[in-house]
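Here the structure is laid out as structure tokens; the discussion comes afterwards.
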Amino acid sequence: MTESHAQTRFAKDFLSILDLSWDDLERLLRLSAQMKTDRRLGPKAPSASTLAGMHVALLFEKPSLRTRSTFEIAIRELGGDTLHLPSSLAEGIREPLQDVARNLERWVRALIIRTFAQDKVATLAAAGRDLHVINALTDEEHPCQALADALTMRERWGDCRGRTIAFIGDGNNVATSLLQVSLMLGITVHVASPSGYELPDNVVNAATRVARDGATVARFTDPARAVDGVDAVYTDVWASMGEEAEAADRRRVFAPYQVNDRLMAAAHRDVIFMHCLPAHRGEEVTSQVIDSSASVVFDQAENRLHTQKALLSMLVS
Ligand code: CP
């Protein structure tokens with residue numbers, strides 16, 4: 001039986017994990033798991049015509065392997081068609097972003113955008129009243145990644161309440177969305193970052209407001225203290241897209257934050273290792289850790305597809 005998702009109205013757009021209620025997140029993860037199971041049915045899957053007759057636009061201002069590929073496949077497997085837009089449109093120079101949205105909503109059902117400022121996706125979402133806008137990564141948040149991370153943790157642990165995850169590294173967009181989704185699932189979050197690279201207070205405060213079942217946030221500068229006894233260790237590249245000029249400085253600052261066998265040994269015996277990818281092996285994580293039996297990084301990558309199919313389906317329903 002296909003998971004029902006008609007109980008309450010889902011948000012028009014998906015710009016942030018904070019756009020979801022606890023109930024939305026629960027329904028989305030259940031539908032994702034159902035779609036993962038149903039995929040073996042191919043064109044006979046119950047969701048195969050969800051986007052029939054619809055187009056979805058993709059606009060990427062930054063490189064992507066996982067996000068672009070999984071959205072393209074998701075749209076096709078839901079029976080829809082894709083429209084690739086030139087990245088320059090997101091600059092808002094040829095015409096204002098509001099006009100871009102008001103054109104697109106006449107032709108396409110949704111816009112998937114990867115860009116720099118979160119303000120841009122918010123502007124497009126506000127202007128396109130009949131356009132579902134999906135944040136495929138901004139400098140501030142990466143909510144689609146967090147959905148796949150949540151499904152991966154659920155697959156490993158079942159009920160996630162009472163678990164603890166440590167994020168080691170830059171308090172960036174991936175850390176922000178991971179913090180939000182983890183607290184919503186009742187997972188306590190430890191974040192270890194060098195001084196000057198911590199998650200901002202406003203991000204931590206906003207995420208804390210959606211925490212459930214006693215989940216909390218603790219910030220550390222010492223990665224060994226952050227991973228002590230945790231169920232999952234997560235890291236990301238030290239210089240995100242757009243920060244390449246700082247890469248040499250960051251390699252020096254972040255060197256003590258490498259996730260290696262020694263750090264993993266301080267965690268729980270059954271710890272899992274997580275990374276959004278791409279990984280810079282030998283920098284934020286060693287090959288021994290990413291290729292170890294604890295690593296679930298390719299489950300996370302696979303789950304991008306299933307969670308994004310569920311997301312598209314719930315947005316357009
Ligand atoms: N994790 C992630 O978003 O991968 P891409 O940058 O390849 O899309």
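Annotations
- Complete set of residues in region 208-234 that are farther than 13 Å from residue 162 by Cα, of a type outside the set (Ser, Thr, Tyr), touching a helix residue (DSSP H, G or I) at 6+ places or on another chain (Cβ under 7 Å) and in contact (Cβ under 8 Å) with a residue 60 or more places away in the chain: 210, 227, 233
- Restricting region 266-291 to residues that are of a type in the set (S, T, N, Q) and in contact (Cβ under 8 Å) with a residue 24 or more places away in the chain, the residue that is surrounded by the fewest Cβ atoms within 10 Å (Cβ to Cβ): 288
- Spans of strands (runs of 3 or more DSSP E) in region 53-122 with at least 3 residues in contact (Cβ under 8 Å) with a residue 40 or more places away in the chain and within 16 Å of the ligand (Cβ to nearest atom): 55-60, 110-114
- Residue match in region 128-149 (condition: within 14 Å of the ligand (Cβ to nearest atom), under 19 Å from residue 203 (Cα atoms) and touching an Asp or Glu at 6+ places or on another chain (Cβ under 7 Å)): yes
- Members of region 272-292 found to be part of a strand (DSSP E or B), within 13 Å of the ligand (Cβ to nearest atom) and closer than 24 Å to residue 252 by Cβ, listed by number: 275
- Among the residues making up region 54-79, those that are farther than 24 Å from residue 120 by Cβ and surrounded by 17 or more Cβ atoms within 10 Å (Cβ to Cβ) are 77, 78.
- Test result for residue 240, more than 16 Å from the ligand (Cβ to nearest atom) and in a loop (DSSP other than H, G, I, E, B): no
- Hits in region 200-227 (condition: in a loop (DSSP other than H, G, I, E, B) and under 28 Å from residue 22 (Cα atoms)): 200, 209, 210, 211, 212, 213, 214, 215, 216
- Filter result for residue 17 (of a type in the set (A, V, I, L, M, F, W, C), within 16 Å of the ligand (Cβ to nearest atom), crowded, with 18+ Cβ neighbours inside 10 Å and at negative phi): yes
- Check on residue 109, of a type outside the set (A, V, I, L, M, F, W, C), in contact with a helix residue (DSSP H, G or I) (Cβ under 7 Å, 6 or more places away or on another chain) and closer than 24 Å to residue 278 by Cα: no
- Filtered by the rule that a residue be in contact with a helix residue (DSSP H, G or I) (Cβ under 8 Å, 6 or more places away or on another chain) and crowded, with 18+ Cβ neighbours inside 10 Å, region 35-53 gives 35, 36, 45, 47, 50, 51.
- Residue match in region 166-181 (condition: in contact with a Cys (Cβ under 6 Å, 6 or more places away or on another chain), in contact (Cβ under 8 Å) with a residue 24 or more places away in the chain and either on the phi < 0 side of the Ramachandran plot or in a helix (DSSP H, G or I) (or both)): yes
- Scanning region 293-317 for residues that are in contact with a Ser or Thr (Cβ under 9 Å, 6 or more places away or on another chain), modelled with pLDDT of 95 or more, part of a loop (DSSP other than H, G, I, E, B) and away from the ligand (no atom under 16 Å from the Cβ) yields a count of 0.
- Residues in region 46-101 that are closer than 23 Å to residue 277 by Cα and small (Gly, Ala, Ser): 64, 69, 74, 87.
The values are calculated or read from the model by the stated rules, or taken from the named source; none is laboratory data. Every value quoted in this text rests on a predicted model; they were computed, and no experiment measured them. Cβ sites come from the backbone with ideal geometry, for glycine too, and all protein chains shown count toward neighbours.
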